[in-house]
Amino acid sequence: MKQFVIVFTLTLMSVSIFAQMPDERGYIVKVGDMAPDFEMPLTDGSTVKLSDLRGHVVMLQFTASWCGVCRKEMPHIEKEIWQAYKDKGLKVYGVDRDEPREKAIEMIESTGITYPMGLDDNADIFGLYADKKSGVTRNVLINKEGKIIFLTRLFNKDEFAALVKKIGEEVDK
């Protein structure tokens, strides 16, 4: 019995260690996983809790003001995703990594985005989805049931087009 307990404990430890091992793009989640829940303050002073958004397709855009690739991608998210699908129930949230509210507001103003921006102090929300040592400009698409259905990294036009297509398919279900 003692051997069984030891083997069982080691097995559980191995599974949890490997479950948190980042993939080649730095993600610790994968397509098909339930999206880790969190509550996040928004730049407008309100808060949002991911699990309260069930029934909606949700896109999280992990970003930061110092990220040039993020700034390049944001107008595309605004036009091709947010403006195109917000009236069909899509929820898009920027998740500004580890910056004060003022920096996030400056980024919103300089990029011209209108989708809500959240604040991720200490990159705690980011750390639920990716290794904190990995970089931003990544998008996580979550279906109406709360499962991750698409992950992007950096701003690749083909991958972005596939994300937009997937969003269209999901909001029309």
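Among the residues of segment 64-76, those that are in a helix (DSSP H, G or I) and farther than 11 Å from Gly112 by Cβ comprise Gly68, Val69, Cys70, Lys72, Glu73, His76. From the residues in segment 106-139 that are closer than 16 Å to Val29 by Cβ and polar (S, T, N, Q), which one is least open to solvent (accessible area, probe 1.4 Å)? Top of the filtered list is Asn139. The numbered conditions (1) open to solvent by 10 Å² or more (accessible area, probe 1.4 Å); (2) under 19 Å from Ala35 (Cα atoms); (3) not aliphatic (A, V, I, L, M) are all true for Asp87 except (2).
Taking the conditions exactly as written (at pLDDT 95 or above, in a loop (DSSP other than H, G, I, E, B) and open to solvent by less than 60 Å² (accessible area, probe 1.4 Å)), does Pro36 satisfy them or not? Taking the combined requirement at face value, the residue satisfies it.
Evaluate the following for Val69: is it among the hydrophobic types (A, V, I, L, M, F, W, C), out of contact with any Pro (no Cβ under 7 Å at 6 or more places or on another chain), open to solvent by 20 Å² or more (accessible area, probe 1.4 Å) and farther than 13 Å from Ala104 by Cβ?
yes
Of the residues making up segment 85-126, those that are touching a residue at least 60 places away in the same chain (Cβ under 8 Å), out of contact with any Ser or Thr (no Cβ under 8 Å at 6 or more places or on another chain) and not acidic (Asp, Glu) are Tyr85, Lys88, Gly89, Leu90, Ile125, Phe126. The requirement of being over 17 Å from the mean Cα position of the chain (by Cα), without any contact (Cβ under 8 Å) to a residue 12 or more places away in the chain and surrounded by fewer than 16 Cβ atoms within 10 Å (Cβ to Cβ) is fulfilled somewhere in segment 44-55, by at least one residue.
Within the bounds of segment 153-169, is there any residue that is assigned to a helix (DSSP H, G or I), in contact with a Leu (Cβ under 8 Å, 6 or more places away or on another chain), free of Cβ contacts under 8 Å to residues at least 60 places away in the same chain and open to solvent by 20 Å² or more (accessible area, probe 1.4 Å)? The answer is yes; a qualifying residue exists.
The values are calculated or read from the model by the stated rules, or taken from the named source; none is laboratory data. Because the structure is a prediction, the values reported are computed rather than measured. Using ideal geometry, Cβ is built from the backbone for each residue, glycine included, and neighbour counts are taken over all protein chains shown. Only protein heavy atoms, including side chains, enter the accessible area calculation; ligands, DNA and RNA are left aside. Shrake-Rupley method; radii C 1.70, N 1.55, O 1.52, S 1.80 Å.
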